[in-house]
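Below is one structure, written out as structure tokens, with a few remarks after it.
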Amino acid sequence: MLLHEWLQKDNEQKAGGESRPGGYPFGFMDEGAKREVRRIILKAVAIPGYQVPYGSREMPIARGWGTGGIQITLAMILPADVIKVIDQGCDGSVNAVNIKKFIRAVTDVEITTDTRAATVIQTRHRIPEEPMTADQILVLQVPYPEALREVEPSEMETRRMHAEADYSRMWLFLYEDIVKYGEISISYRYPVTVNGRYIMDPSPIPRWDVPKLHMAETLFLFGAGREKRIYAIPPHTRVEPLEFEDHLFRVESFDDKSCARCGAGDTFLDEIIDSAAGDRLHYCSDSGYCDKRYSQCNH
Ligand SMILES: [Zn+2]
């Protein structure tokens, strides 16, 4: 038997004997690449909030479209896993649908839109509204992993700042923001301190989702494919947004607004302008949760 046939057979056996299009191994990446990503994940879990460099692999999609998250998902996925992919909270957006199709093509795992049914959830820009459990992993796609980039363009210098926990310029940046706008104006990528040590970029989630990272049951993995960094927040880890005693962190306020479809008044809402009537309507950004509530109300 030729080597490539043997390798393919070996991978087919691991994945339950089914062959995949193009003869790709289960999970697309070869076993060595997957092992490397898993080692990096272990290091990231051991040093919460620390960005671990890794050899980001080429994926069949362009960097900047979620390749960091995809590599994490594919490195740890097993045939029994159930996957959910969301983009800005939505299961049906083009990016989420294409990533799902790709994961399905190279693994044959089950796909779901139900947060509770998923074992691995890959996401861009949102954390699901429903609380996640210790049996689940949330994989976040990260465009810019460096929280200090706003205040320092040099990679060498930001690494020194992290190593020495020299975060004075970050605090000064927030102070100047308050002087200019009367409050901290950062809406997405709100910087947090992880486990009392590293300042970390939680990826472009809204402030609404930041408290969900604190002392959670779930493992959070962050993958930046283009920037070649992986970092993590293990379960039961302190995650504190940067704030001043007299200018405390706060989440977005939707006042008395509620979802025009399912009626939820306790979710992160997207504002949609009805082009015909010109009305401003609000809908849950988490489409899976909205679907679930909607079907419960109507049956
Ligand atoms: Zn809704």
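Annotations for the structure displayed:
- For segment 284-299, a residue qualifies if it is open to solvent by 80 Å² or more (accessible area, probe 1.4 Å) and either more than 8 Å from the ligand (Cβ to nearest atom) or in a strand (DSSP E or B) (or both), and the qualifying residues are 296, 297, 298, 299.
- Some residue of segment 193-206 being modelled with pLDDT of 95 or more, open to solvent by less than 70 Å² (accessible area, probe 1.4 Å) and of a type in the set (D, E, K, R): yes
Here's the yes/no breakdown for (1) within 16 Å of the ligand (Cβ to nearest atom); (2) of a type in the set (S, T, N, Q); (3) modelled with pLDDT of 95 or more; (4) part of a loop (DSSP other than H, G, I, E, B):
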position: 230; (1), (2), (3), (4): no, no, yes, no
position: 236; (1), (2), (3), (4): no, no, yes, yes
position: 253; (1), (2), (3), (4): no, yes, no, yes
position: 258; (1), (2), (3), (4): yes, yes, yes, yes
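- Selection count where residues are surrounded by fewer than 16 Cβ atoms within 10 Å (Cβ to Cβ) and touching a Gly at 6+ places or on another chain (Cβ under 7 Å), scope segment 64-87: 1
- Taken over segment 92-113, residues that are in contact with a strand residue (DSSP E or B) (Cβ under 7 Å, 6 or more places away or on another chain) and open to solvent by less than 50 Å² (accessible area, probe 1.4 Å) amount to 8.
- Members of segment 138-151 found to be open to solvent by 20 Å² or more (accessible area, probe 1.4 Å) and either modelled with pLDDT of 95 or more or in contact with a strand residue (DSSP E or B) (Cβ under 6 Å, 6 or more places away or on another chain) (or both), listed by number: 143, 144, 149, 151
- Yes/no for residue 281 being farther than 16 Å from residue 129 by Cα, hydrophobic (A, V, I, L, M, F, W, C) and within 16 Å of the ligand (Cβ to nearest atom): yes
- Selection count, segment 263-278, where residues are surrounded by 12 or more Cβ atoms within 10 Å (Cβ to Cβ) and more than 9 Å from the ligand (Cβ to nearest atom): 4
- Any strands (runs of 3 or more DSSP E) falling wholly within segment 113-218 and containing at least 3 residues that are in contact (Cβ under 8 Å) with a residue 12 or more places away in the chain and among the basic types (Lys, Arg): none
The values are calculated or read from the model by the stated rules, or taken from the named source; none is laboratory data. Remember, it's a predicted structure, so these values are computed and weren't measured experimentally. Neighbour counts are summed over all protein chains in view; Cβ atoms, including those assigned to glycine, are modelled from backbone coordinates with ideal geometry. SASA here: full protein model, heavy atoms, side chains in, ligands and nucleic acids out. Shrake-Rupley method; radii C 1.70, N 1.55, O 1.52, S 1.80 Å.
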